[in-house]
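Data first, discussion second: the structure below is written as structure tokens.
The values are calculated or read from the model by the stated rules, or taken from the named source; none is laboratory data. Values in this document were obtained by computation on a predicted structure and should not be read as measured data. Cβ atoms come from the backbone with ideal geometry, glycine included; neighbour counts cover every protein chain shown.
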Amino acid sequence: MEEHLKDREREARELRRREADWNYINSLPPRLRAALVFYIETGDLYVAAKIAGLRVEEFNELRIRAGIPHVN
Amino acid sequence: MERLQELIDREREARELRRREADWNYINSLPPRVRAAIKLFIETGNLRLSQKVSGLGLEEFVEHLRRANVWVT
Amino acid sequence: MEAIADTSFLVDWARFSHRDLLFRVFRVVWIPEDVLNEVQSERTLMWIADRLASGDMSLFPLLPEYRDRALRLVELSRRGPTRGLDFPEAYCIAVAEDRGYIALSENGAAYAAQFLYTTARVWRAYEVLWELRSRGLVPDDAIFTYQEETKHKFPQRDIQRWRDCRS
């Protein structure tokens, strides 16, 4: 079961990496860039928002602008 | 008591080090607020108070301290 | 061992070429949310974000019980002959006291606090490097490399103590 969950996490991470608009991400200030990279790696919206210094909803909008999918 | 004296000595030595090694040419070239903040830090060693006086973010203020040869201890 | 880190420690340590050795000493390094907000530079932010992603670092929330204890520590520190604490490092010490973490701070007031009015242990980069050397993970000249790379200077008495205990 644990392997199955790890596989799902890995697939989700790869999808986020693949779909992300890296040109847009690299154009952003350091704090937002770090937060988006963190989100791509982990899918952790709450902590990513903290890194960005944004509310969760604001960060979610940023995530969408950066083309990063939310993978369930 | 001995430990307390050691701590007091450390602070005194740190202040003397900050005064002695500071790059005053660099410090005097800075805007008044940052200059005042660095002088405050040199005398008190109080990082966050000095940072607030500077009006800068903490990391930015620490960068000025580095450039001014003023050590955080 | 686990640690909780203040900004004053992180902004220097992030510049050290062997910064990830920190996680050979500490299983997890906790970062208070207020500390995260103080970090601005790309180098430090990217390092923290990477380490948060890997689980080596974790965010510590602002909790009322530790906030109250931190304020109390600030008050206590103002009564003594040494420098007073500021809230962010006092918060790290309050958490460290209760949870048995090591508080990581370069602030002199935080260092002094452990000898005067708290049972928490407070380590500077010096103590972390000392621990790394005792484990054979850094060489004898690590303290000088650290100074050079971070532009952080150690007091002369600490340098002498380091030299007196060569591995």
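Observations on the model:
- Top-ranked residue of segment C:90-108 - restricted to ones that are of a type outside the set (S, T, N, Q) and within 8 Å of chain B (Cβ to nearest Cβ), ranked as surrounded by the fewest Cβ atoms within 10 Å (Cβ to Cβ): C:Gly108
- Residue count for segment C:123-135, restricted to those that are part of a strand (DSSP E or B) and among the small types (Gly, Ala, Ser): 0
- Scope segment B:1-43; condition surrounded by fewer than 17 Cβ atoms within 10 Å (Cβ to Cβ), at the interface with chain C (Cβ under 9 Å from one of its Cβ atoms) and free of Cβ contacts under 8 Å to residues at least 12 places away in the same chain; matching residues: B:Arg3, B:Leu4, B:Glu6, B:Ile8, B:Asp9, B:Glu13
- Residue selection: B:Ala14 satisfies the criterion of being under 18 Å from C:Glu106 (Cβ atoms), of a type in the set (Gly, Ala, Ser) and assigned to a helix (DSSP H, G or I).
- Complete set of residues in segment C:59-85 that are buried (at least 17 other Cβ atoms within 10 Å of the Cβ) and either more than 18 Å from B:Asn46 (Cα to Cα) or in contact (Cβ under 8 Å) with a residue 40 or more places away in the chain (or both): C:Leu59, C:Phe60, C:Tyr66, C:Arg69, C:Leu73, C:Ser77
- Residue ID - surrounded by the fewest Cβ atoms within 10 Å (Cβ to Cβ), chosen from residues in segment B:49-66 that are over 12 Å from the mean Cα position of the chain (by Cα), at the interface with chain C (Cβ under 9 Å from one of its Cβ atoms) and part of a helix (DSSP H, G or I): B:Glu60
- For segment C:144-167, a residue qualifies if it is over 11 Å from C:Phe16 (Cβ atoms) and assigned to a helix (DSSP H, G or I), and the qualifying residues are C:Phe144, C:Gln156, C:Arg157, C:Asp158, C:Ile159, C:Gln160, C:Arg161, C:Trp162, C:Arg163, C:Asp164.
- Scoring C:Ser41 on the criteria (1) under 20 Å from B:Glu59 (Cα atoms); (2) within 16 Å of the chain's Cα centre (by Cα) leaves a single failure, condition (2).
- First in segment C:6-19 and at the interface with chain B (Cβ under 10 Å from one of its Cβ atoms), second anywhere and surrounded by fewer than 24 Cβ atoms within 10 Å (Cβ to Cβ) and aromatic (Phe, Trp, Tyr), Cβ under 8 Å, 6 or more apart: C:Ala14/C:Trp47
- Within segment A:12-36, tally of residues that are touching a residue at least 24 places away in the same chain (Cβ under 8 Å) and among the acidic types (Asp, Glu): 2
- Of all the residues in segment C:20-46, those that are aliphatic (A, V, I, L, M), touching a residue at least 24 places away in the same chain (Cβ under 8 Å) and part of a helix (DSSP H, G or I) number 4.
- Complete set of residues in segment C:90-122 that are at pLDDT 90 or above and not in a helix (DSSP H, G or I): C:Gly100, C:Tyr101, C:Ile102, C:Ala103, C:Leu104, C:Ser105, C:Glu106, C:Thr118, C:Thr119, C:Ala120, C:Arg121, C:Val122
- Helices (runs of 4 or more DSSP H) contained in segment A:7-72 and holding at least 1 residues over 10 Å from the mean Cα position of the chain (by Cα) and exposed (fewer than 13 other Cβ atoms within 10 Å of the Cβ): A:22-26, A:45-52, A:56-65
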